[in-house]
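I have placed the structure first, in the form of structure tokens, so that the comments after it can refer back to it.
The values are calculated or read from the model by the stated rules, or taken from the named source; none is laboratory data. Just so it is clear, the structure is predicted and the values come from calculations on it, not from any experiment. Cβ: placed from backbone, ideal geometry, glycine included. Neighbour counts: every protein chain shown.
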Amino acid sequence: MRGPLMFAVFLILIYTASAATIYGNIYDLSLDRVEGAVVEINTNPMQRFVAVNGTYSIEVPPGKYTILAYYRNGQPMAVAENITIVQNGDYVLDLFLYPDIDDELFDDLNLDIENPYPDRKFSWLIGAALLLILAAAFFFFRARKNKGESKTEYSKEKIQKAKPDLSRIISLLEKNDGRMTQRELRKELPLSEAKISLMVAELESLGKVKKIKKGRGNIIILEK
């Protein structure tokens, strides 16, 4: 009986002599100790215990280890640290827990995801409204321009129907860069001087031409 007991004591002494101690405190992000965190280390077999006072201490032989600490009461927090033990001795490793955001926690957070980007939706509405305003302005000015062109064409058509000779004066002015003397018009039209003067006066009253007195003659300018 004494033989096996002595052998067991011998093994314990050997393990103790070849073991290192890893210890430290467990903190949250506010640097407060976290009491009740669970600590695990991947020794063989795995060790797991509760750090009641916010501190932990583990004895391990030389090797590479991963220490995992997590806290599930209230705000879930966790951390994993790797450490390599080369020789015996004491190793201080404080653990700082971070909020544990994983797929299982989203059910507890009760997130409202119906409209995660309300500002973006509002921006789309503003953009759509601006596009509508620009489109309306474009069609308004286009219609106004077409109306003005139609009015000008109507005025020309009215002149042509009323008096063909008035239309001919307009055509002559257009061919001569919008400017002719009354004498030059007289040469182009088989009409009397008095008749041409009356026609020019009528076009001037319609706002189609402007007559400028120069010396003994008149210069007829086509209005744009």
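Suppose we filter region 69-82 for residues that are in contact with a Ser or Thr (Cβ under 8 Å, 6 or more places away or on another chain) and aliphatic (A, V, I, L, M); how many remain?
Matching residues across region 69-82 total 1.
So, in region 63-74, of the ones that are exposed (fewer than 14 other Cβ atoms within 10 Å of the Cβ) and under 22 Å from Thr21 (Cβ atoms), which residue ends up nearest to the chain's Cα centre (by Cα)?
Here the answer is Thr66.
Hey, does region 151-170 have a residue that's more than 60 Å from the chain's Cα centre (by Cα), under 20 Å from Lys224 (Cα atoms), modelled with pLDDT under 85 and polar (S, T, N, Q)?
no
Filter region 23-32 down to the residues that are touching a strand residue (DSSP E or B) at 6+ places or on another chain (Cβ under 9 Å) and at pLDDT below 95, then identify the one that is farthest from Leu97 (Cα to Cα).
The selected residue is Leu31.
With the requirement that a residue be out of contact with any Gly (no Cβ under 9 Å at 6 or more places or on another chain) and over 11 Å from Ile67 (Cβ atoms), what does region 24-45 give you?
Asp28, Leu29, Ser30, Leu31, Val38, Asn44, Pro45
Could you count how many residues in region 77-96 are surrounded by 11 or more Cβ atoms within 10 Å (Cβ to Cβ) and within 48 Å of the chain's Cα centre (by Cα)?
So the answer is 10.
Taking region 17-45 on its own, how many of its residues are in contact (Cβ under 8 Å) with a residue 24 or more places away in the chain, of a type in the set (Asp, Glu) and more than 23 Å from Pro61 (Cβ to Cβ)?
Selection size over region 17-45: 1.
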